[in-house]
Amino acid sequence: MTLTQSSSLAQNEAQHGHNRAIPTALAAIQKIVFLGDSITEAGGERGGYVWFIGQYLQGLYPQHTWQLINAGISGNTALKLRARFTSDVLAHHPQMVVIYVGVNDVWHRFYDFRLNRPVPTGDFPAGTTLADYRAHLEYMITTAQTVGIQVLLLSPTPIREMPHNPENQQLQAYITAGQALAQDHNTGWVNLYEPFITLIRTYQTIAGPNAHLLTTDGVHPNRAGHQVIAHAILQAWGVSAVTLQNHPVDCVGLCNFDV
């Protein structure tokens, strides 16, 4: 490819991007806080879901600028998110907060990380009861909405890539609680569990029941897992699946985004 060709492609990309309508859900948004645990913390790194979202938004809608603030901290549960909601969300005065929590709330009920031993009963106090999980989420939702911050709730992703394990069975009630809160308070809602578990099941029919597809260790997403999360969020905001599929993130400015 010649320099002239490269320049032409870049100009074409910019032209198409400037002509592409910004999704209604994002048109009035300048600042978004992503609040979560280690998955969100890693999400800000290259290949993480927050990074992917930034790349997609910049490439697809160069006429608009979004500030994406990563407020993920490893090991956090809903209680810990609630405890730092003022300092890590409200203090930034965003127009939107994306809340992604629940994995540790359930996982830590099944494992004592201090003594490095499983808790098969799934009631270890380091985790979060369903009632408390619901209360913490509702506090964050209402606190945000009181000051005009839009809320997008994300469901937790699977705990280990094992669809039928006790952790994921218990997790279903937490997902249901989050969805109900989203409906009750008119927030955005993205079920991340469903696309993850669908892909995992399909892959494991070929590779075996213990094969990992979307995570590095059964819990923390790899690059592919983070991209699934990013796509789900962007589609919830109104970016079409076709547009995302025709927007390879790593094309380094040489792509023709004409969809």
Open item on the list: When the residues of region 16-42 are narrowed to those that are modelled with pLDDT under 95, surrounded by 13 or more Cβ atoms within 10 Å (Cβ to Cβ) and in a helix (DSSP H, G or I), which ends up farthest from the chain's Cα centre (by Cα)?
Closed with: 16
TODO: Would you check which residues across region 66-84 are in a helix (DSSP H, G or I), hydrophobic (A, V, I, L, M, F, W, C) and touching a helix residue (DSSP H, G or I) at 6+ places or on another chain (Cβ under 6 Å) and list them?
DONE: 78, 79
Open item on the list: All but one of (1) in contact with a Lys or Arg (Cβ under 9 Å, 6 or more places away or on another chain); (2) of a type in the set (Gly, Ala, Ser); (3) buried (at least 17 other Cβ atoms within 10 Å of the Cβ) hold for residue 155; state the number of the condition that does not hold.
Closed with: (1)
Task: Hits in region 85-124 (condition: of a type in the set (Gly, Ala, Ser), assigned to a loop (DSSP other than H, G, I, E, B) and either modelled with pLDDT under 95 or within 20 Å of residue 74 (Cα to Cα) (or both)) - done: 102
- [ ] Kindly check whether there is at least one residue in region 110-120 that is buried (at least 22 other Cβ atoms within 10 Å of the Cβ) and either in contact (Cβ under 8 Å) with a residue 40 or more places away in the chain or farther than 24 Å from residue 193 by Cβ (or both).
- [x] no
TODO: Collect the residues in region 131-154 that are assigned to a helix (DSSP H, G or I) and either within 19 Å of residue 192 (Cβ to Cβ) or touching an Asp or Glu at 6+ places or on another chain (Cβ under 6 Å) (or both), keeping them in residue-number order.
DONE: 133, 134, 136, 137, 140, 141
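The values are calculated or read from the model by the stated rules, or taken from the named source; none is laboratory data. Owing to the predicted nature of the structure, the values given are computational and were not obtained by experimental measurement. Cβ sites come from the backbone with ideal geometry, for glycine too, and all protein chains shown count toward neighbours.
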